[in-house]
Amino acid sequence: MVTSAAPRHAAPPVHAGPARMTATPPPIPTLLDSDVVRPAPPASRAIKAQVENFSFFYSTVQALADVSLPFRERAITALIGPSGCGKTTLLRCFNRMHDLYPGNRYVGRILLHPDNLNIVAREVDPISLRMRISMVFQKPNPFPKSIFENVAYGLRLRGIRSRSELEGRIQVALEDAALWGEVKDRLRKPAYDLSGGQQQRLCIARALANEPEVLLLDEPTSALDPIATSRIEDLIVELKERVTIAIVTHNMQQAARISDYTAFMYLGKLIEYGATAEVFQNPKCKETEDYVTGRFG
Amino acid sequence: MSTILSDNPVSGGIAGSRNGGLLPPLRSRSLLGRLAERFIESGLLLAAAFSVLITGGIVFVLVSESLPFFRHVSAREFLTDRLWTPMFADPHHGIMPLVAGTLTTTAVALLVAMPVGTLIAVWLSEFAPSRLREVLKPALELLAAVPTVVYGYFAVDFVTPALQAFIPDLPTFNMLGPGIVMGVMIIPYVSSLSEDAIRAVPMLLREGSYALGAGKFTTAMRVVYPAAFSGIASAYVLAISRAVGETMIVAIAAGQQPNLSFNPLDPAATITAFIVQVSLGDLPHGSIGYQSIFAAGVTLFVMTLGFNIIGAVMRRRYRQAY
Ligand SMILES: Nc1ncnc2c1ncn2[C@@H]1O[C@H](COP(=O)(O)OP(=O)(O)OP(=O)(O)O)[C@@H](O)[C@H]1O
Ligand SMILES: [Mg+2]
């Protein structure tokens, strides 16, 4: 919210104006009201990852078609679109999750800056890539281990053995995930004893402990209640100063509240990309407008 | 436009038909329907009761037949005497030599079957191509289908001589050879059940591990194995029960000579080997010597029960709610 630049094409104040105010009661705010949507960030943010003419195939089924899309640094990019449009598929390309299953095929490039690494190139080692790019799944998936060991998992993979270093890093990660206060007295207890919202924050802590450059979030709050959701949203907004965030969400309010850029996808294609305020208030495409206003279908 | 919203939760069809009155209104179920349900229920109850009854019957026979023995031999002698010679002129009735034989051969068998079975299960479910798995799994299960008599002579005629190449003073009859062979026999008990448990671990858990940068082996050992542990523990318990109860291999290859020793290089008799030896022999029914097999049977039953209880506790302790 600290960004200075005003929306370049601020939406006309549809529901404002004294004449209307006297005639009708104040309308329920919608996403087209400028105060619900984050102001557009400066367009000049450096690009952290660039998707270029990218297509993806599940064996013979094409799930993404010629997608080109930037993910900017210190910003949250939301992927929205109707079910089955390929949001999860795109997200999972970033950490090569598709490699786990036979027959999947990447076409095109996803460049990770600053080193201009083509993420989906065959010669790129997915393990070293996953060390730089963390992911949080739709359903919390803590390991059958203690809370401590869950967060320690990635650190141990990176060869950190010293007890004191592990403890220090785990505390920081749990604090970053806004979970430390709730678990500091029971770090040795099984992670399955936590509530769903706590488990999801644990998964975020686990991802953050690795100090990733990019954090992928696939509908991270879809299984959570409104309070847990708003905690995680606050958390995500805080985190964007340190890590590039890509989030898939079905919740238009959520996309509007927390993201800086929004990409609208439909049937495996990118339909529209822009600053979130633009996409929500002044969409260029009819489909986008219908979707963000809930008239889709 | 409308097709892509196919999994929109609002499906007007069902609600519409309800309101339209196309379905008949809910009625109380017919008498016949309720009778049929009653019948099925009591049938199932009967089947369950039957298995409990049989177990109860076995326990009853074991206990009642061993009572004459325990009238003659004190529990103290039974548990502390270091000799088991019920057929001798100067009989001793200490069960511990047989227990030692049983525990030692079981331990050797488990040292083979648990690591090998678990590794096979992990390899089959996490690493093997699915085509190969389809072939290998049933092939492996054949190991458990070989008659135990065959395994017994395999132990005497092949495994023990092979071991003697490394351990020159290994006697012809010993606990190591049959223990190893028994272990090979129960590998499929461990691997098959463990593989089922491992495959039941949700992919989401594995993906969580891969996403943090773990490799295949780390994921299998540090995430999948612990997640499946409650099922794998059941496999271990079944393997233990199978090893404790195995008769033929040890009767043939371990020497049938009660020996209070935990050294697998020694010859020994197990509880089961003793039972089969006496019941095939010519001791008169009703003699203390003959009744001793029921006392041995009770001991075997108590041991197996103990292992199963430990197994149940472990399962509960490690059960995962994915
Ligand atoms: N493993 C798979 N094999 C074949 N097709 C798949 C597979 N996974 C997804 N698809 C297909 O790819 C397309 C995109 O799926 P994806 O999961 O990326 O959609 P999504 O936008 O994340 O949807 P949702 O909002 O429901 O999560 C869908 O048509 C889907 O049916
Ligand atoms: Mg999805």
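The values are calculated or read from the model by the stated rules, or taken from the named source; none is laboratory data. Small disclaimer: the values here were computed from a predicted structure and weren't measured. Cβ sites come from the backbone with ideal geometry, for glycine too, and all protein chains shown count toward neighbours. Please note that ligands, DNA and RNA were not included when accessible areas were found on the heavy atoms of the full protein model with its side chains. Shrake-Rupley method; radii C 1.70, N 1.55, O 1.52, S 1.80 Å.
Per-structure values
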read-out: Stretch gain in nm, segment A:ARG105-A:ASN118, where the contour uses 0.36 nm per residue and the Cα spacing is subtracted; value: 3.2 nm
read-out: Ranking by accessible area, most exposed first, for B:TRP84, B:TRP123, A:TRP180 with a 1.4 Å probe; value: B:TRP123, A:TRP180, B:TRP84
read-out: Neighbourhood net charge (14 Å Cβ-Cβ; Lys/Arg +1, Asp/Glu -1) for B:PRO91; value: -2
read-out: Residue-span extension gain [A:ARG186 to A:GLU167] - 0.36 nm each, minus C-alpha spacing; value: 5.5 nm
read-out: Contour minus Cα-Cα distance for B:PHE262 and B:ILE310 (0.36 nm per residue); value: 15.1 nm
read-out: Nearest-0.05 FRET efficiency for B:ILE54 and B:ASP157, computed from C-beta distance (R0 30 Å); value: 0.20
read-out: Candidates B:VAL150, B:VAL244, B:VAL122, ranked by Gaussian network fluctuation over chain B, Cα under 10 Å, top entry; value: B:VAL150
read-out: Accessible-area value, A:GLU233, 1.4 Å probe, nucleic acids and ligands omitted, Å²; value: 10
read-out: Rounded to the nearest 10 Å², the accessible area of B:TYR151 at probe 1.4 Å; value: 20
read-out: Alpha-carbon centroids, the range B:175-222 and the range A:96-119: separation in whole Å; value: 30
read-out: Helical segments meeting 20 Å axial Cα length and Kyte-Doolittle -1.0 threshold in chain B (DSSP H); value: B:31-72, B:96-122, B:176-199, B:229-245, B:288-318
read-out: Helix-only mean residue ellipticity at 222 nm for the protein assembly as shown, each DSSP H run of n ≥ 4 adding -39500 (n - 2.57), per residue, nearest 500; value: -15500 deg cm²/dmol
read-out: Area accessible to solvent at A:ILE232, 1.4 Å probe radius, in Å²; value: 0
read-out: More than 31 Å apart - percent of Cα-Cα pairs taken over the protein assembly as shown; value: 66
read-out: For the range A:167-297, the fraction of alpha-carbon pairs in successive 10 Å shells from zero, as %; value: 11, 39, 29, 15, 6, 0
read-out: Choice from B:PHE70, B:PHE60, B:PHE262 showing the highest fluctuation, given a GNM over chain B with Cα pairs closer than 10 Å; value: B:PHE60
read-out: Cα extents of the range B:78-318 along the three principal axes, largest first (Å); value: 71, 40, 27
read-out: Centroid-to-centroid separation of the range B:65-127 and the range B:274-322 [C-alpha atoms, Å]; value: 9
read-out: Accessible heavy-atom area order of A:MET252, A:MET265, highest first, probe of 1.4 Å; value: A:MET252, A:MET265
read-out: Listed residues B:LEU103, B:LEU136, B:LEU300, most fluctuating in chain B (Gaussian network, C-alpha, under 10 Å); value: B:LEU136
read-out: The range A:120-137-the range A:259-281 distance, computed between alpha-carbon centres (Å); value: 25
read-out: Candidate residues B:LEU142, A:LEU217: accessible-area rank, largest first, probe 1.4 Å; value: B:LEU142, A:LEU217
